[in-house]
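Working notes, structure below.
We did not get these values from a lab; they are worked out from the coordinates using the rules stated. Fair warning: this is a prediction, and the values are worked out from it, not measured in the lab. Ideal geometry is used to build each Cβ from the backbone, glycine not excepted, and the neighbour counts take in all protein chains shown.
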Amino acid sequence: MSASQAVFSGWMEISKAAVSERSGTHADEEILAALVSQYAGTLYRVAFSVLRNQSDAEDAVQEAFLRVLRHRDTLGEVRDQRVWLIRIVWNIVLDRKRRAKTRPETDDVAELARVLPCEGLSAEARASAAQHHAHVLSCVEQLPAKEREVIMLSAFEELNSVEIANVLGITESSVRSRLFRARNLMAGLLNHARPGR
């Protein structure tokens, strides 16, 4: 006897709750797939900017989506999914950094410069852009940790001060102060490094 014959003959009953639970799971899978598709790149950049290791960054993003899957009941309550996901990843990478108690390695700046967008440019222009990106990133690396965090979230992830405050768990005025200091420090570092100055 096949499973469908067993169901129709009444020998094996499938409850309505099981059917609705399965369809709910399918809907959850679709929502999670959409979140992964839309935000995986952004979350990877956030994780990589702190961890400076490709596989660790990928693990952090995967862990973030596993946490989302575990807490999928609260997805409807989230106002801004992008900020919420970035905060999850940010907390994961900071926890990993605290456990490892190491500073990000600066030799992976070249990898970050390589993945920054420069489509539609000639080979010479790409090389020049990659050098410029590497220089800017090396200047960012020289910033104090608090200023580096806000400048990375602002410049690279394009979060506004309210979103950065939510991610870091600080006040918006603290974000603005740190951004001001970070931009001034960056201006000094970039001007100092220019030839002829």
Give, as a single signed number, the net charge of other residues whose beta carbon lies under 13 Å from the beta carbon of A182, with Lys and Arg counted +1 and Asp and Glu -1.
+3
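Sort F156, F48, F180, F65 by Cβ crowding within 10 Å, fewest neighbours at the top. It would help to have the intermediate numbers written out before the result.
Details: F156 16, F48 22, F180 12, F65 19.
In order of increasing Cβ crowding within 10 Å: F180, F156, F65, F48.
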If I model a spin label at R183 and Q142 as a point 7 Å from the Cα along the Cα→Cβ vector, what separation in nanometres do I get?
2.0 nm
Base-10 log of normalised Debye intensity for the stretch 19-103 (one unit scatterer per alpha-carbon) at q = 0.17 Å⁻¹:
-0.68
I'd like the FRET efficiency for D59 and A125, computed as 1/(1 + (r/R0)^6) with the beta carbon distance as r and R0 of 30 Å, rounded to 0.05.
0.30
Relative contact order of the stretch 19-103 (C-alpha contacts under 8 Å, at least 6 apart) in percent is 32 percent
Gain upon complete extension [Q81, A27; 0.36 nm per residue less C-alpha separation]:
17.7 nm
